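Derivation of every value follows stated rules applied to the coordinates shown; laboratory data play no part. Predicted, not measured: the structure shown is a model, and the values here were computed from it. Every residue, glycine as well, gets a Cβ built from its backbone with ideal geometry; the counts of neighbours run over all protein chains shown.
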There are 2 protein chains.
Amino acid sequence: MVAVTRRRKLNEADDPSSPVLRFEPGKPLNLDAGTLLSPFQLAYQTYGELNAARSNAILVCHALTGDQHVANTHPVTGKPGWWDVLIGPGKIIDTRRFFVICSNVIGGCLGSTGPASTNPATGKPYGLDLPVITIRDMVRAQSMLIDHFGIDRLFCVLGGSMGGMQVLEWASSHSERVFCALPIATGARHSSQNIAFHEVGRQAVMADPEWHGGKYFEVGRRPEKGLAVARMAAHITYLSEAALHRKFGRNLQDRDRLTFGFDADFQIESYLRHQGITFVDRFDANSYLYMTRSMDYFDLAADHGGRLAEAFRNSQTRFCLVSFTSDWLFPTSESREIVHALNAAGASVSFVEIETDRGHDAFLLDEPELFAAINGFLRSAARARGLDDGP
Amino acid sequence: MVAVTRRRKLNEADDPSSPVLRFEPGKPLNLDAGTLLSPFQLAYQTYGELNAARSNAILVCHALTGDQHVANTHPVTGKPGWWDVLIGPGKIIDTRRFFVICSNVIGGCLGSTGPASTNPATGKPYGLDLPVITIRDMVRAQSMLIDHFGIDRLFCVLGGSMGGMQVLEWASSHSERVFCALPIATGARHSSQNIAFHEVGRQAVMADPEWHGGKYFEVGRRPEKGLAVARMAAHITYLSEAALHRKFGRNLQDRDRLTFGFDADFQIESYLRHQGITFVDRFDANSYLYMTRSMDYFDLAADHGGRLAEAFRNSQTRFCLVSFTSDWLFPTSESREIVHALNAAGASVSFVEIETDRGHDAFLLDEPELFAAINGFLRSAARARGLDDGP
């Protein structure tokens, strides 16, 4: 069972069920850590067609445990794409009109080079031999993918959470290549509390003896229990207290009284355990360490002499920021700070705070107000960009 | 090292450095689980002297990982008692005036019968052979201790967090024995989100292979890594985002730049790791499971037909509730709900919400407004009880 899972994982890491762009030794990726990653590869999905002017491309950036399978059936879980509700023919992001690109980030585990990928120098998975990957590294790799498509300027870059950090980085370091940007439920830096939750998750993984210092593939094991605990802790932060109360309250799971033991008496316990167990089937533990670290390291103001407005100086990009009232991982104040910086930089920016009790996860859900905001912003930007109004 | 620690722990569990009251087979403890615990013992500390009328006794109830060492040097850590700032000669709770009692709760690990105690039937530690202990069980045991002192009516019962739950239970099921009650930073039931955090902690402990199904003492091991992860996750919930930002922000730990690795780059990481590591030296992992479970199970309204006010019907106890603005584990709304129920029951109640950014942990800190509230309430209650005004 472990062996089968491992084989499938390794295949998805090295030889994924997505198109792959390989960058041979002549085209290394410059990492913020100060080293070069070479060779490396990016796994991606596209939907729709690039128009003749190459002006209708939308880049979607995925979140911590997301991947490139944004609008197609997931090859490991068999579930619909993670933004399938938003992206597709006739949907808000209409793939009859836009060319949508989504790539697995560098450091991920679904086909772009990451810790589960085979290190060509050793023939074994990288494990922790990769340096820490930053959000800027991810974006730098994505820009090489965009070059490959011959796209000078993306019509839009959008994403939530860690995806939103990539959007901000794109709009900052590649502003001339981004017509409009839609960062959702995100921040310009990771807060102390968020770093703390990530650190708990990493310690849970690394405390699992099956982690083997990151070399678990080499001994045919995986730190499943540690990774499940990490996911459980993180999952609480994606929801709101109100949503948990509404969905679960103190309801009991398949029983009519307390058992006076340590089984999952409460529905919330059963739900969390399920979240942990299913996560380890689709995600690599080392990749989880890298993804969390990339968010911890993100601090756009620090990259610009401590002034966030400097990150957006002379930006011609149009921005729309979205936050959710019950998101305590990236509260509205974080978005507001970015809006202030954009205003100070003289950029074009709109901001929508959406009233919902669904917490941080709202950006992945069927949230009508979110869709209305995205739709309105994209339609207006498309007109400004001279794209026809679509069907 | 492990063996030494284990011996010390076992000693503290069976033969603690506190006075112990042993209840022999003729005096069992009725557990809510439906069984009897017998024999059992309570370890306790007292400070000051009981007056001739036996009317000056204050019972302090400890929190999740607290113990009876409320105002004396801790026998394991060597640190001052956990409420040393509040209790002692000439302090707010003046031990020249009051007789202060604090006992380790049933299920604890500092000398009252709990999972680390030797089961006389087997000669081995109970481990998970104890049924789940409830807040009501803890209070039932404490009332037997109070009987032992010949005290009919306590002047005051006070405590924070899990201690506050015990205070509420005392005032509900033993109202005639409680002149005044001071529940701090607590709730009448554990919320879904709080159960979720506890479940993550339990899963972290139980995921550690050194847990050995709870029988780790028998193989001379301890699930230290799992317990440390549990403590780290819990510790985040004791603080506020604002306090974390103020104390740590994104400051680096003993370095001037990021290392691009998985060491503790940030101060918050180093701090959390320290919290985890030091905790396992003083606390038993199984006891942590029992303590968290007792809080999860607490639901005072459910025990009274779903109406919280019924829990306090005809109560003659005077109440003062305290909450903290930045406490997100037991937000003010939880205290307010209790206040409403007390009002509905016609009880005497005052309520203080204290403005602070120190989160849930504020109740353990040198918080002048908290001390002022406790002082004012106790002075007024003491006068009503006919206790002299003290020095």
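Descriptive notes on the structure:
- Relative frequency of Cα-Cα separations exceeding 32 Å in chain B, percent: 32 percent
- Unit Cα scatterers, Debye sum, the stretch A:39-109: log10 I(q)/I(0) for q = 0.14, 0.21, 0.23, 0.25 Å⁻¹: -0.43, -0.88, -1.01, -1.13
- Overall Cα dimensions of the stretch A:195-292, principal axis frame, Å, largest first: 46, 27, 21
- Taking chain B and dividing mean pair separation by its residue count, relative contact order in percent (alpha carbons under 8 Å, at least six apart): 17 percent
- Footprinting exposure proxy for A:61, A:180 (fewest neighbouring C-beta atoms within 10 Å first): A:180, A:61
- Across all Cα atoms of the stretch B:1-137, the radius of gyration (one decimal) and Dmax (whole number) stand at 15.9, 50 Å.
- Over the stretch B:86-245, the pair-distance histogram of Cα-Cα distances with 5 Å bins from zero comes to 2, 8, 12, 16, 18, 15, 13, 10, 5, 1, 0 percent, rounded to whole numbers.
- Percent RCO, i.e. relative contact order, over the stretch A:21-84, from Cα pairs under 8 Å lying at least 6 residues apart: 21 percent
- When +1 charges are put on Lys and Arg Cβ atoms and -1 charges on Asp and Glu Cβ atoms, the dipole computed for chain B relative to its Cα centre reaches about 500 debye.
- Annotation for residue B:344, label-to-label distances across the other copies: 5.0 nm (shortest first, one decimal, point 7 Å from Cα along Cα→Cβ).
- The base-10 log of I(q)/I(0) for the protein assembly as shown, evaluated at q = 0.09 Å⁻¹, reads -0.86 [Debye formula, identical scatterers on Cα atoms, solvent excluded].
- Residue with peak Gaussian network fluctuation, chain A [Cα springs, cutoff 10 Å], from A:219, A:178, A:132: A:219
- Choice from A:77, A:134, A:292 showing the highest fluctuation, given a GNM over chain A with Cα pairs closer than 10 Å: A:77
- Label spacing, shortest first and in nm, from residue B:316 to its equivalents in the remaining copies (7 angstrom along Cα→Cβ): 8.3
- Within chain B, helix-based [θ] at 222 nm, where runs of 4 or more DSSP H residues each add -39,500 (n - 2.57), nearest 500: -11000 deg cm²/dmol
- Projecting the alpha carbon convex hull of the stretch B:297-342 along each direction and taking the average yields 3.7 nm².
- Kirkwood estimate for the stretch B:249-391, i.e. one over the average of 1/r between Cα atoms, Å: 19.1 Å
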